[in-house]
Amino acid sequence: MGLSVCIHQPDFAPWGGFFQRLLDCDLFLLLDDAQFEKNGWHNRDRIKSAQGPRWLSLPVRRGPLGQLIRDVEISPIPGWQEKLLNQLRESYRKAPFFETCFQDFAPLIRTAPIHMVDLNELVIKWMMAVYGLQVPTRRTSPLGIRERGNTRLLAILKSVGATRYITGSGSRAYLDEAAFQAQGIQVTWQSWTMPSYPQLHGPFVGGLSSLDTLFNLGPKARHWLRHHGPSFEV
């Protein structure tokens, strides 16, 4: 039996495409020992307000240059949790499934751990459950792999016995597919067009956090995620 593996950095409240590739995945690895990207997706994502898309952000402590995702701490700014939750409430209180999903999401924020990655993993797993995804999830840091680039990805995949690597089309710019094939690992590229769904505040805007999707669709998000099936190309 082959093992299909997806590797992704543990972003905060990711969009649907993050989860769509898990439809055909046997093991999901959270790349928590990658470098933290300031002003990237690790501690923020976009939601939709009455004024249009806006950022929903976790406050994080300033760390040393090259700090790893696993080491980033949430900044203990008084009241940040309620500020974030109020931002969501203001934007989505009229969404069909806001109350149902918010009552599960809010406790994750109110009892947020010290480290950003711990909160992100909790949010990701909650979203996976709402999407109906039951994929074993592990972090890469315990593997202790120090290589970089393609060599590092290959070492991670070989360490877990992967025979297939599922990745986004954005990786084409740097991934050496021939090197993976030489190690007996097939590369499958995600090619997914995000299907629209009813949203608040005007015309549909794609690429938003899954919070937007779940507040608007609730349990219907399971079917929505599978609308185009696992859209992959070899």
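The values are calculated or read from the model by the stated rules, or taken from the named source; none is laboratory data. What you see is a predicted model, and the numbers here were worked out from it, not measured in a lab. Methodologically, a virtual Cβ is constructed for each residue, glycine included, from the backbone with ideal geometry; neighbour enumeration extends over all protein chains shown.
Please pick out the residue among Leu200, Leu175 that is at pLDDT 95 or above, on the phi < 0 side of the Ramachandran plot and not basic (Lys, Arg).
Exactly one residue qualifies, and that residue is Leu200.
Return a yes/no flag: does the stretch 85-96 have any residue that is in a helix (DSSP H, G or I), at pLDDT 95 or above, over 21 Å from the mean Cα position of the chain (by Cα) and loosely packed, with under 13 Cβ neighbours inside 10 Å. Yes, because at least one residue in the stretch 85-96 is in a helix (DSSP H, G or I), at pLDDT 95 or above, over 21 Å from the mean Cα position of the chain (by Cα) and loosely packed, with under 13 Cβ neighbours inside 10 Å. Can you find a residue in the stretch 124-143 that is part of a helix (DSSP H, G or I), within 25 Å of Arg89 (Cβ to Cβ) and of a type in the set (S, T, N, Q)? The answer is no; no qualifying residue exists.
This table checks each residue for (1) surrounded by 16 or more Cβ atoms within 10 Å (Cβ to Cβ); (2) out of contact with any Leu (no Cβ under 6 Å at 6 or more places or on another chain).
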position: Ile114; (1), (2): no, yes
position: Met127; (1), (2): yes, yes
position: Val130; (1), (2): yes, no
position: Arg146; (1), (2): no, yes
position: Tyr165; (1), (2): yes, no
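Taking the stretch 9-26 as the range and being in contact with a strand residue (DSSP E or B) (Cβ under 7 Å, 6 or more places away or on another chain), buried (at least 18 other Cβ atoms within 10 Å of the Cβ) and over 18 Å from Val130 (Cβ atoms) as the test, only Asp26 passes.
When the residues of the stretch 189-206 are narrowed to those that are closer than 26 Å to Arg164 by Cα and in contact with a Pro (Cβ under 9 Å, 6 or more places away or on another chain), which ends up surrounded by the most Cβ atoms within 10 Å (Cβ to Cβ)? Going through the qualifying residues, I end up with Gln190.
Looking for something over 20 Å from the mean Cα position of the chain (by Cα) and assigned to a loop (DSSP other than H, G, I, E, B) - is there at least one such residue anywhere in the stretch 204-215?
Looking through the stretch 204-215, at least one residue is over 20 Å from the mean Cα position of the chain (by Cα) and assigned to a loop (DSSP other than H, G, I, E, B).
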